[in-house]
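**Q** I am attaching a structure below and will ask some questions about it afterwards.
Values in this text are rule-based calculations from the coordinates and carry no lab data. These numbers come from a predicted model, not from an experiment. Positions of Cβ are backbone-derived with ideal geometry, glycine not excepted, and every protein chain shown enters the neighbour counts.
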Amino acid sequence: MKNISQTFNRYRLWASIGFLGIFVACSPTRETRILTQQEVAIAWADMALYVTKNTPANSPTFASRGFGYIGVTMYESIVHGYPEYNTLAGQLNGLTDLPLPEHNTNYHWILSLNAGQALILKNIYTQTSDANKLRIDSLEKAIFDKFSIRLADPCGKSTLSRCRNA
């Protein structure tokens, strides 16, 4: 009787391990999760805060001005994707003309935001460390990789060229 009980317990143990392995293997991971548009904007806001806090020679005046430029860049990189909103061009001092999207061209506005935020952060914080620049590049690539798989134009060239030229 003792032998049967030990054998049964061994099978039960292996079955439990097998079911646990299947459960873990089939559960959604962070890699397969789809980011929402809001999460992309929040990720870039978090990156801006991180770079601001971890960049030397940064005064409160410089940081606040930087946040202003970062926010305007975020807004302007997607504003034409929402017909109910208007550009800030002509409404802010020094912001006169901005490129307009081409008619009959599809844009992926989140990738536009993504490219714009990476570009503005690297241009404002030129004095930041190489590690911070790598963090910016990594976030840009991670977001691009997540959203570009949904594009008919896998390179997202029209979106990225618009944002890089802005």
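**Q** Order the peptides 114-125, 67-78 from the highest to the lowest mean number of other Cβ atoms within 10 Å of their residues.
**A** Going from most to least packed, we get 114-125, 67-78.
**Q** For L35 and L49 in one chain, what is 0.36 nm times their gap in residues minus the Cα-Cα distance, to one decimal in nm?
**A** 3.0 nm
**Q** If N is the number of residues in region 45-155, what value comes out of its Cα radius of gyration divided by 2.2 N^0.38 Å?
**A** 1.15
**Q** Which distance in Å, rounded to a whole number, links the C-alpha centroids of region 84-132 and region 47-65?
**A** Centre-to-centre distance over Cα atoms comes out at 19 Å.
**Q** For T61 and Q91, FRET efficiency with R0 = 25 Å and r from the beta-carbon atoms, rounded to 0.05?
**A** The calculated FRET efficiency here is 0.65.
**Q** Now for a different question. Using amide H atoms built in the peptide plane, which far-off residues or other-chain residues are under 5 Å from L95 H to H?
**A** Those qualifying (amide H under 5 Å, at least 5 residues apart or on another chain) are G90.
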